[in-house]
Amino acid sequence: MAMWHPNRVVGVASFCTPFVPPMATFFPVEALAKSSPQFAYQVFFTTDDAVITFDKNPRHLINAVFRSVDDMRDSGADELFSNPGHLTEMNPEKLPLSKSLFSNEDFLYYVSNFTQTGFRGSLNLYKTRKLNFDDEKTVLQHRPNDESIVFIEAPVLMITAELDPILRPEFTEGMEEHIPNLKRAHIEGVNHWLLQENPQACFNVLHPWLLRLRGDLPINSSSA
């Protein structure tokens, strides 16, 4: 939206996910997984086997994936991203609920909804890589061939998580070349699920940035 319709965007805030500029050459997900093994799960997520596996036991999947840093390490769930087949080998009865992320009520809400809808709709996101590439080619056609070209002119807040095993903070390096109005915030001691692990810390960096966008804080405020 920020690239195609900048007049409709006041600002963009991203938790963990870095901006990757449009590429001139398609980079398939299999190549991504080969160069960065922590993305191997995305290859599996494009298959019908993933839909069948996840729909069979939503409770097991949600409990295995949505875990704090310590819970992932202690349970072996951290292997799921580089080896998604490991999910079928884990014993759900021996995997306690990650209390630091979910109340029992919240957990059952997720399970209930995914039991009704299944996972195909959510997993379809991982099948759009080539579609997104084709769309973004139109963006490149209207811009000069320059590595430092600006793609997003709106204010952007990039929030990274210290312990994210997938979207590591260093993946955001160089975003300033394409987003001149970029501000950063970094939250320590949390992983990919930082919004659940430490919602207050997330609020503390997002809220003042939103106020500044609205004009309630000066641009040079020391807040995020």
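Readers should treat all values here as calculations from the given coordinates under stated rules, not as data from a laboratory. Predicted model, so just to flag it, every value in this text is computed and none were measured. In this analysis, Cβ positions are derived from the backbone assuming ideal geometry, glycine residues included, and neighbour counts consider all displayed protein chains.
Check which residues have an amide H placed less than 5 Å from Phe119's amide H, if you skip close sequence neighbours.
Correct list: Asp55.
Counting only residues 5 or more places away or on other chains, whose amide H sits under 5 Å from the amide H of His186 once H atoms are built in the peptide plane?
Long-range HN contacts for His186: Thr160.
Between Glu162 and Arg8, what is the spin-label point distance in nm, taking each point 7 Å from the Cα along the Cα→C-beta axis?
3.9 nm
Quote the FRET efficiency, to the nearest 0.05, computed for Thr17 versus Asn124 with a Förster distance R0 of 25 Å and r equal to the Cβ-Cβ distance.
Numbers: r = 18 Å, r/R0 = 0.71.
Once rounded, the FRET efficiency stands at 0.90.
What nm distance separates the two modelled labels at Asp70 and Tyr109, each placed 7 Å from Cα along Cα→Cβ?
Going by the 7 Å Cα→Cβ label model, 2.5 nm.
Over every pair of different alpha-carbon atoms in the range 170-214, take the mean of 1/r and invert it; report that Kirkwood radius in Å.
With all distinct Cα pairs of the range 170-214 included, I get 12.1 Å.
How much FRET efficiency would the formula 1/(1 + (r/R0)^6) give for Leu211 and Ser35, where r is the Cβ-Cβ distance and R0 is 30 Å, rounded to 0.05? Let's see the in-between values first.
Working: r = 40 Å, r/R0 = 1.32.
My answer for the efficiency is 0.15.
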